[in-house]
Ligand SMILES: [Zn+2]
């Protein structure tokens, strides 16, 4: 009898913990739905409200909430925003920016197409220069929200293919593209002088990435793309992630590439051995340094990303 009670408590604790984990993962899940649907308007998402602006380094800030993390960079010539959250948050972003500078917002960089990163672009005047990787421009042009005439000013004004440098001297920002990962247009935004990078959702958090095949994402190319980024980008120390509450380190970014490589290797082996995605997930073991990673959550159900990577591997043969 006593044993039954103890077991019951253990089971109940497990259920509560699982519920807590899934609550933490809710923004990622919402983002996943959006990735598939391509262009949410901010309705039905489970994101916390826009948070007070936080300092990352001198002249560089971060605003959490209502979608992806927004970076705010105060350059001599004006303010550069990276990502604009879900729709209807333009004023809230502007209110936070005004707490740290009177300079106008001159530039928006979107790390990728998703509505939780581009959703409030159209709030800002048409004179604001919007810059994205060229595949992201094509993805954004397909989004229903940008079919509406009133929102067209939220579409990109300029694009880059592999690399672009914005501004001059101490304000220089390098934009890089290394190939498909979360989508086929993931930009890495490097504030050179500050040695900080906004990684967007290519490194959203320490867990399974969302692989948005509809927008050209690839679980098979994901590890190579991150490895190319890790080799091609120099002297970054701090990383702003797509969806974390705190910045991470360059080493975390390098490790994230390794995590995705291990994940892909396990997918290949498990598929070869005839295991289901669920079995692959169950026997996926990670080295000790990944102990902070959260593999639970809604993406792909109990098989996680293994299902989506299997499909991609089958298609590639
Ligand atoms: Zn995304």
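Filtering segment 57-70 to residues that are more than 16 Å from the ligand (Cβ to nearest atom), buried (at least 19 other Cβ atoms within 10 Å of the Cβ) and not in a loop (DSSP other than H, G, I, E, B) leaves 60, 61, 62, 63.
Would you mind listing the strands (runs of 3 or more DSSP E) fully within segment 171-276 where at least 1 residues are buried (at least 19 other Cβ atoms within 10 Å of the Cβ), at pLDDT 95 or above and within 16 Å of the ligand (Cβ to nearest atom)?
Working: elements: 173-176, 188-191, 196-198, 238-240.
Once the strands (runs of 3 or more DSSP E) in segment 171-276 are filtered for at least 1 residues that are buried (at least 19 other Cβ atoms within 10 Å of the Cβ), at pLDDT 95 or above and within 16 Å of the ligand (Cβ to nearest atom), what remains is 188-191, 196-198, 238-240.
Among the residues of segment 108-146, those identified as more than 15 Å from the ligand (Cβ to nearest atom), assigned to a helix (DSSP H, G or I) and under 18 Å from the mean Cα position of the chain (by Cα) are 134, 137.
In segment 71-83, the qualifying residues are those that are closer than 20 Å to residue 146 by Cβ and in contact (Cβ under 8 Å) with a residue 60 or more places away in the chain, and the one that is surrounded by the most Cβ atoms within 10 Å (Cβ to Cβ) is 83. Here residue 152 clears all of (1) more than 23 Å from the chain's Cα centre (by Cα); (2) outside any helix (DSSP H, G or I) except the condition numbered (2).
Among the residues of segment 71-107, which ones are assigned to a loop (DSSP other than H, G, I, E, B), touching a helix residue (DSSP H, G or I) at 6+ places or on another chain (Cβ under 9 Å) and over 20 Å from residue 202 (Cα atoms)?
As a first pass, look at segment 71-107 and keep what is assigned to a loop (DSSP other than H, G, I, E, B): 76-77, 83-89, 98-104.
Okay, now just the ones that are also touching a helix residue (DSSP H, G or I) at 6+ places or on another chain (Cβ under 9 Å), so 76-77, 83-89, 103.
Matches in segment 71-107: 76, 77, 87, 88, 89, 103.
Just one of the listed residues (245, 197, 214) is touching a residue at least 12 places away in the same chain (Cβ under 8 Å) and farther than 20 Å from residue 69 by Cβ, namely 214.
The values are calculated or read from the model by the stated rules, or taken from the named source; none is laboratory data. Please read these numbers as outputs of a predicted model, since none were measured by experiment. We place every Cβ from the backbone using ideal geometry, glycine too, and count neighbours over all the protein chains shown.
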